[in-house]
Amino acid sequence: NAKVLENKKAVVEALTDKIKETVYGSGYIAVDNASELSQNGNETFRMTTAKINLALTEWAKSIDAILMEYEDGKFIMLFDHRYIAGMAEDKFSIIDTVSQLSSGAYASPLTISIGVSEESGSLAEKENSALSALRIAFQKGGATAVVKTADGYLTYGGKTKSVQKQTAIRSRICRDLL
């Protein structure tokens, strides 16, 4: 009994240390222009967004992330901090993957914007930091991933050429996406 109790105690201590060592990252993902295109309510839009959701889910699984859609075309993601380097090295290729899913269906393809926090702090602080990074991605016209670090912002853009929008339209899209 003493030996079993000692083993259980060692396992609990090891797990506690592992939890303390694990640093979580957070991110926001938003489908650009989704609110404008969803107003049509057509079948093409529904099929395209279903493909985008599947692609995002598969990407999240590949990095052991939790991806939750909190509103149509808007997601929050929680993941192990160590995957940020891989996302950056891959230049957030999910942006191009999503763009290719909708190419040909619309005058300009649906794209995504991503905001990720690489800062230290509580989950709430990381969430605010990721939201700030997403706002920067919107300001850059979409089809962009922005990582907020302690030193500033790192930007990764997809191959999609974003169309410049008037300030009023961009402001409305930012408001709708947030």
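A few comments on the model shown:
- Qualifying residue in the range 116-137 (condition: β-branched (Val, Ile, Thr), closer than 18 Å to His81 by Cα and touching a residue at least 24 places away in the same chain (Cβ under 8 Å)): yes
- Filtering the range 143-156 to residues that are touching a Ser or Thr at 6+ places or on another chain (Cβ under 8 Å) and either outside any loop (DSSP other than H, G, I, E, B) or open to solvent by 40 Å² or more (accessible area, probe 1.4 Å) (or both) leaves Thr144, Ala145, Val146, Val147, Lys148, Ala150, Thr155, Tyr156.
- Which listed residue is modelled with pLDDT under 95, basic (Lys, Arg) and either surrounded by 13 or more Cβ atoms within 10 Å (Cβ to Cβ) or touching a helix residue (DSSP H, G or I) at 6+ places or on another chain (Cβ under 6 Å) (or both), from Lys51, Lys20: Lys51
- Test for Thr160: is it modelled with pLDDT under 90, open to solvent by less than 70 Å² (accessible area, probe 1.4 Å) and within 15 Å of the chain's Cα centre (by Cα): no
- For the range 118-142, residues that are closer than 15 Å to Ala30 by Cα and part of a helix (DSSP H, G or I) total 11.
- Looking only at residues in the range 56-90 that are outside any helix (DSSP H, G or I) and open to solvent by 80 Å² or more (accessible area, probe 1.4 Å), the one that is modelled with the lowest pLDDT is Asp72.
- Taken over the range 91-118, the criterion of being open to solvent by 50 Å² or more (accessible area, probe 1.4 Å) and at pLDDT 85 or above is satisfied by Lys91, Thr97, Gln100, Glu118.
The values are calculated or read from the model by the stated rules, or taken from the named source; none is laboratory data. This one's a predicted model, so the numbers in the text were calculated from it and none came from an experiment. Ideal geometry is used to build each Cβ from the backbone, glycine not excepted, and the neighbour counts take in all protein chains shown. The area values use the complete protein model at the heavy-atom level, side chains included, leaving out ligands, DNA and RNA. Shrake-Rupley method; radii C 1.70, N 1.55, O 1.52, S 1.80 Å.
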